[in-house]
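The values are calculated or read from the model by the stated rules, or taken from the named source; none is laboratory data. Note that the structure is predicted; figures quoted are calculated from it, not measured. No Cβ is skipped: glycine too gets one built from the backbone with ideal geometry, and neighbour counts run over all protein chains shown. Side chains are part of the model used for accessible areas, which takes the heavy atoms of the whole protein and leaves out ligands, DNA and RNA. Shrake-Rupley method; radii C 1.70, N 1.55, O 1.52, S 1.80 Å.
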Amino acid sequence: MKRTTAFLLCLVCCNWVAAQYRLWYDKPAMTWTQALPVGNGVIGGMVFGTPAVEHIQLNEETIWAGQPNNVINPHAKETLPEVRRLIFEGKYKEAQELADAKVMPRAADKNMGMPYQPFGDLYIAMPGHADYKDYERWLDLDNGKTMVRYTSGGVQYEREIITPLGGHHVMAIHLTASEKGKITFTANMTTPHENPLMGTLAPDGFPVGEVYLQGVSSKHEGLKGKVRFMGRMAVQTKGGRTTGSNGNISVVGADEATVYVAIGTNVKSYKDITGDEEAQSRERLHDAMALGYEVLKAQHEQEYHKYYDRVKLNLGPDIYADVPMDKRIESFSQGKPANVNDNHLIATYFQFGRYLLISSSQPDNLNPANLQGLWNEKMFPSWDSKYTTNINLEMNYWPSEICNLTELNEPLFKLIRECYEQGKETARDMYGAEGWVLHHNTDQWRITGPVDRAQTGLWPMGAAWLCRHLWEHYLYSGDKEFLRQYYPIMLDAAIFFTQTLQKHPTKGWLVVCPGESPEHGGKGRPTSLDAGVTMDNQIVKELYTNVLSAAKILGDNNSQLSIINSQLKELPPMQIGRWGQLQEWLDDLDDPKDDHRHFSHLYGLFPSNQITPTNTPDLWNAARTSLEARGDVSTGWSMGWKVCSWARLLDGEHAYKLIKDQLTLTADTFLIFGSVKQRGGTYPNMFDAHPPFQIDGNFGCTAGIAEMLLQSHSHLQFDNLLFTIDLLPALPNTWNKGSVTGLVARGGYVVDMEWSYSRLTRAVIHAKNGGRCLIRSNTPLKGKGLKKTGKNIYSLSTKPGASYVLTGR
């Protein structure tokens, strides 16, 4: 047995480069978090894979409750000075009560933002298929599709489901069998929305007709729903007979069939709902069907591979390929079997994160990935599945640059441009300030005022944090025209703070007030409302610094820059508290027993780079003390953030431990069986579990895995940006052999690496833009043009478009 096992391991190891990346199961989905996601940023589906009645839950990116609006309390501007006074006097509870009564929109009968809503469900009933065997289903990450296969009545059946990339915003379900004439089914659509219209149409060229379903989104918190939507379904077959009536399409005795679904809405932008949902759904459906399934699939795969194939991660062979994914996840966190690590599972999880971003955020989308990406089954989901901007929206896009998916930022940049328009009104009407502001939440209608309660929503830092993504895109791409386009948005975000920062009456620094460490208050404080909290200080400092750097690069001499430069010196510094921790607040309020999911004061460690071992070693150690005290197991997204943070602390073992904590199976059947309590981790379909499902945890951990392998930083040197690239900075011992290609470092450097026995053996630096960079490696390096400048530090001068091979010594 030992010799056989060794031989099989050797056989697999010799072929590990060709390993597949897929989520494989041997049973149909029982719950939504066992179903498999497909999407193209416009239409999304959750595929259950039940033989007798296929169930695919459907979403369309613009189906949101409500209509265009903004949420500002007309009394906010006159009330904020009193709220500030109360905070500075230490009357925090009184400040919160006043803010809730006079500043927050609910007190003025405004809404708290609108929920993202489902379209409905597609059902495909196949008579006689309740009796089946040899069942399997899988999400094929390598090709961007979902498959279902089983045998019934001696015939093997397959279902292939795609949501094509490349501009054809439909879903296609291709049904085949091992014998001719065996495809028989009835398909229909349903919706949870009230008073839908459904029936059958017979347009020219479609003799059998189409099934349609129409509806309107919900009224919510007093705001009438005005998003009209129309779904259309039609079928193409080879052989057999097709009929349609009463909202159903039936096929009998076909050799194969393809079911197409398209959804249109009247949403043209966040402020324009004058579109024609009937025309849009018709165009989407007919254009796709005119191509036919095989052409549609070929175009999809070509577009998908353009993104997906850029990065390849190899951490070892897929030695558990025959174990269903839910069982692999369950065994992985428990260390079973203890003698072999399932590193291929981690590589699969990494590629699953990239798949989710490809599937939920395409360049032509109207909306970026929301709190659940593209996938939502509930009319009123948790936190409305909106855009929470105190970390969650930003976390969705952490993998975009480093994981070589830069174009997928465009929907996020679109949201920023639109919130900029709304945010200028909010800055003026709520704060009496120029510039723009966004609080801790927005939705399809790009609301920028505060929502929920003051202790969570009165946080004016959303715009500033999102501006970080604009600057980061420039650092990764070197695209000066992009920077020129978005510089006014960054500058106006800074101008808002130049006019709203307050002089602290006792400490003398300029601080944000009111502000808060998101969703978290200091020990002994009755509310999270405060002044000068560490995260706010870090975000303003970073914004000011980035604006000043951008101005130098672009040669801008705006008169506001001198104010920004002057105020930069008056911001509070980061402080180390009584037990060696990085203080979360201006006062030393941190509790060493506090395990809150947010650890916002470590923003300066990640995603920012204000805390590093070389430039700020004392703060770096204090950040470590804080993170250790917070503990490991938490909500899913928080653990994803911790993976990134431990990677920045150069502790690969602890980062790996957090990955295992996050890849802990979260039971999703407790609502059915009532015996299992949920915890943060991962659902059977690899969705992140807060719980409930939030997609940010998937994206955060994906970024964290990349950060364990590659880090990069930038700083101005003689008015030019100098980039430092860290190779394998936080490699855990269990990943002692592997390779990665296509990760991106700031400065436009694409990096390929191979390592063995935990030592770098080969790296290739592909310089898109050229210039001098510094390379840090724990393995001594040699290579043409490489110059050693310090311990583990090398200098490399590069030319645009050139590649440089480095080898370990």
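A compact table of results
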| quantity | calculated |
| --- | --- |
| Using a Förster distance of 60 Å, the FRET efficiency for ALA130-GLN499 (Cβ separation, nearest 0.05) | 0.35 |
| Highest to lowest packing among 253-261, 344-352, 275-283, 562-570, scored as the average C-beta count within 10 Å | 344-352, 253-261, 275-283, 562-570 |
| Cross-link pairs LYS27/LYS226; LYS93/LYS642; LYS219/LYS424 - those with Cα-Cα distance over 29 Å | LYS27/LYS226; LYS93/LYS642 |
| Three-way shape label, region 223-312, alpha-carbon gyration tensor, a/c 1.5 | oblate |
| Dipole in debye (nearest 20) - the chain, about Cα centre, beta carbon charges: Lys, Arg +1; Asp, Glu -1 | 2120 debye |
| Accessible-area value, ASP121, 1.4 Å probe, nucleic acids and ligands omitted, Å² | 30 Å² |
| Contour minus Cα-Cα distance for GLU653 and LYS480 (0.36 nm per residue) | 58.4 nm |
| Ranked by how many other beta carbons lie within 10 Å on average, peptides 378-391, 462-475 from highest | 462-475, 378-391 |
| Gained length - ASN195 relative to SER178, 0.36 nm times residue gap less alpha-carbon distance | 2.0 nm |
| Cα-centred dipole magnitude for region 452-574, charges only on beta-carbon of K, R (+1) and D, E (-1), debye, nearest 20 | 360 debye |
| Of all accessible heavy-atom area on region 412-565, the percent that carbon and sulfur account for (1.4 Å) | 43 percent |
| Table column - 3J(HN,Hα) (Hz), region 650-666, Karplus curve with 6.51, -1.76, 1.60, x for Gly and Pro | 6, 10, x, 5, 6, 4, 5, 4, 5, 4, 5, 5, 6, 8, 9, 5, 9 |
| ³J(HN,Hα) computed for each position of region 729-740 - Karplus, 6.51 cos²θ - 1.76 cosθ + 1.60, integer Hz, glycine/proline x | x, 9, 7, x, 4, 5, 9, 6, 9, x, 7, 8 |
| FRET efficiency for VAL53 and ASP142, using Cβ-Cβ distance with R0 set to 30 Å, rounded to 0.05 | 0.55 |
| Over the chain, relative contact order from alpha-carbon pairs under 8 Å, at least 6 apart, % | 11 percent |
| Environment charge at VAL511 (Cβ cut-off 11 Å; Lys +1, Arg +1, Asp -1, Glu -1) | 0 |
| Surface accessible to a 1.4 Å probe, per residue, for the residues of the chain, Å² | 36 Å² |
| Sites ASN246 and SER382 - FRET efficiency at Förster radius 45 Å, r taken between beta-carbons, to 0.05 | 0.80 |
| By accessible area with a 1.4 Å probe, ligands and nucleic acids excluded, highest first: order of GLU407, GLU61 | GLU407, GLU61 |
| Net charge, PHE606 excluded, C-beta distance under 13 Å - Lys, Arg +1, Asp, Glu -1 | -1 |
| Difference of contour (0.36 nm per residue) and Cα-Cα distance, THR274 to GLU97 | 59.7 nm |
| Charge dipole (debye, nearest 20) of region 416-475; +1 at Cβ of Lys and Arg, -1 at Cβ of Asp and Glu | 80 debye |
| Where labels lie 7 Å past Cα in the beta-carbon direction, separation of SER333 and LYS787 in nm | 5.1 nm |
| Separation of alpha-carbon centers, region 273-294 and region 362-411, rounded to whole Å | 25 Å |
| Around ARG241: net Lys/Arg minus Asp/Glu count, Cβ-Cβ under 15 Å | +1 |
| Reach of LYS306 by Cα under 20 Å, taken over aspartates and glutamates that are not fewer than 8 positions away in the same chain | ASP140, ASP142, GLU294, ASP364, GLU401, GLU407, GLU410, ASP752 |
| Cα gyration tensor shape for region 581-646, rounded if a/c is under 1.5, else prolate or oblate | oblate |
| Gyration tensor verdict on the chain (Cα atoms; rounded if a/c is under 1.5, prolate if a/b is larger than b/c, oblate otherwise) | oblate |
| Cα centroid of region 132-176 to Cα centroid of region 620-645, whole Å | 39 Å |
